[in-house]
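Just so you know, all these numbers are worked out from the coordinates, no wet-lab data involved. Because the structure is predicted, anything quoted here is derived from the model rather than measured. Cβ atoms come from the backbone with ideal geometry, glycine included; neighbour counts cover every protein chain shown.
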Amino acid sequence: MTNYQFADIGKDLCRQIKVIQSLVKGKTFKEAAMRLSTAEATCENLESLMKPDNELQRRIVNNRRLDISMLHDAIQGGLKISRRKPVQKRTVK
């Protein structure tokens, strides 16, 4: 039963990551940040279902953690850029 749960949660997490990636590409960083917290919780659930001796499951969880870490960095970078004030150009007289 836990193998099916692991697979279902893994698929759900992959979908969540793809949605977050598209939000980052669309530069909607605030919504992506909110969804990232849900993905992190889902990844923790996936990790709790993982069997310690199953190498494949361990790799899946590690790869999802890496994806989430990269998305977190991209979101933080995007939020820093969007906080900057726009540069006003000087008008030539």
Subject >> Those residues of segment 32-48 which are without any contact (Cβ under 8 Å) to a residue 12 or more places away in the chain and closer than 12 Å to H72 by Cα, in sequence order >> reply: M34, S37
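Of everything in segment 15-28 that's in a helix (DSSP H, G or I) and either in contact with a helix residue (DSSP H, G or I) (Cβ under 8 Å, 6 or more places away or on another chain) or of a type in the set (G, A, S) (or both), which residue is farthest from L79 (Cα to Cα)?
Keep residues of segment 15-28 that are in a helix (DSSP H, G or I), which gives 15-25.
Still in the running and either in contact with a helix residue (DSSP H, G or I) (Cβ under 8 Å, 6 or more places away or on another chain) or of a type in the set (G, A, S) (or both): 16-17, 19-24.
Numbers: Q16: 20, I17: 18, V19: 18, I20: 14, Q21: 15, S22: 16, L23: 13, V24: 10 Å.
Among residues in segment 15-28 that are in a helix (DSSP H, G or I) and either in contact with a helix residue (DSSP H, G or I) (Cβ under 8 Å, 6 or more places away or on another chain) or of a type in the set (G, A, S) (or both), the one farthest from L79 (Cα to Cα) is Q16.
Can you tell me which residue in segment 1-21 is farthest from the chain's Cα centre (by Cα), limited to those that are among the charged types (D, E, K, R) and surrounded by 11 or more Cβ atoms within 10 Å (Cβ to Cβ)? Give the steps one after another, and end with the answer.
Taking segment 1-21 and keeping what is among the charged types (D, E, K, R), we get 8, 11-12, 15, 18.
From what's left, surrounded by 11 or more Cβ atoms within 10 Å (Cβ to Cβ): 8, 12, 15, 18.
Working: D8: 18, D12: 12, R15: 10, K18: 8 Å.
For segment 1-21, the residue satisfying everything is D8.
With E31, E44 as the choices, which residue is touching a helix residue (DSSP H, G or I) at 6+ places or on another chain (Cβ under 7 Å) and charged (D, E, K, R)?
Working: E44 fails: touching a helix residue (DSSP H, G or I) at 6+ places or on another chain (Cβ under 7 Å).
From the options E31, E44, the qualifying one is E31.
Suppose the filter is closer than 15 Å to L66 by Cβ and either free of Cβ contacts under 8 Å to residues at least 60 places away in the same chain or part of a helix (DSSP H, G or I) (or both); does I9 pass it? Break it down stepwise before answering.
Values: closer than 15 Å to L66 by Cβ: no; either free of Cβ contacts under 8 Å to residues at least 60 places away in the same chain or part of a helix (DSSP H, G or I) (or both): yes.
Considered against the rule, which asks whether it is closer than 15 Å to L66 by Cβ and either free of Cβ contacts under 8 Å to residues at least 60 places away in the same chain or part of a helix (DSSP H, G or I) (or both), I9 comes out as no.
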